[in-house]
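Q: Take a look at the following structure, please.
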Amino acid sequence: MFKKKSSRAIRRKFPDVGGLSITSLLDILTIMLVFLIKNVSVDAQRVTVPENMIFPPTITNDELLDNGVTIVVKLYQDRILLGNSNLNAGTLADLVGNKTKREMIFKYMKDEAVRIINLDKDKTKFKPCLLIQADKEIPVQYVTELIKLSAGAYFENIYFSTLEEDWLKSK
């Protein structure tokens, strides 16, 4: 009536390992590491610069703004802000399609450039700079239009950067 329990033998798949020594593994890895470090060619890392090539300088926004000769233009999807006081100059569509707005932006940029030039009595120290900060989604045609305006407004140096708020969102 009662069935007898069957005894089942349990087999181990792997034999017990008595103490694993990793000393030999560390020795091999150390030798490989020394070999790789010794044979890495540092010469392959060098950049060969063609003759007469000058890389553009890099500078932080703070350094540009500290000297007082930089005008900032911020391009957003829905607005354009001029100067450090963030004057609203319309929209991107106004920059391309509205002649009055474009002339207003040009006049502001030209007046500011002349103000910067007049700061320098010797006419050698201060050169007006334009810093264009744009949202990464801004089409290039708007930036190009702004560059055209700034070229006629006495700006010798034009710098570009992304908007900090946009950069922080992507992090």
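Please treat every number below as a calculation from the coordinates, not as lab data. Since this is a predicted model, take the numbers as computed values, not measurements. Methodologically, a virtual Cβ is constructed for each residue, glycine included, from the backbone with ideal geometry; neighbour enumeration extends over all protein chains shown.
Q: Give me the extension gain from D135 to T48: residue separation times 0.36 nm, minus the current Cα-Cα distance, reported in nm with one decimal. Please list the in-between numbers first.
A: Values: separation 87, 0.36 × 87 = 31.32 nm, distance 3.37 nm.
Additional length available on full extension: 27.9 nm.
Q: A further question on this structure: By how many nm would the segment from F126 to Y154 grow when fully extended, if each residue of separation counts as 0.36 nm and the alpha-carbon distance is taken off?
A: Values: separation 28, 0.36 × 28 = 10.08 nm, distance 1.20 nm.
Between F126 and Y154, full extension yields an extra 8.9 nm.
Q: Let me ask something else about it. For a footprinting-style exposure proxy, rank M53, M109 by other Cβ within 10 Å, fewest first.
A: Working: M53 6, M109 24.
Least to most surrounded, the residues fall as M53, M109.
Q: Length gain on complete extension for the stretch R115 to L25, per 0.36 nm per residue less the alpha carbon to alpha carbon distance?
A: Values: separation 90, 0.36 × 90 = 32.40 nm, distance 7.12 nm.
Here the answer is 25.3 nm.
Q: So how far apart, in nm, are the two label points at I37 and T100 if each is 7 Å from Cα heading toward Cβ?
A: Result for the modelled spin labels: 7.2 nm.
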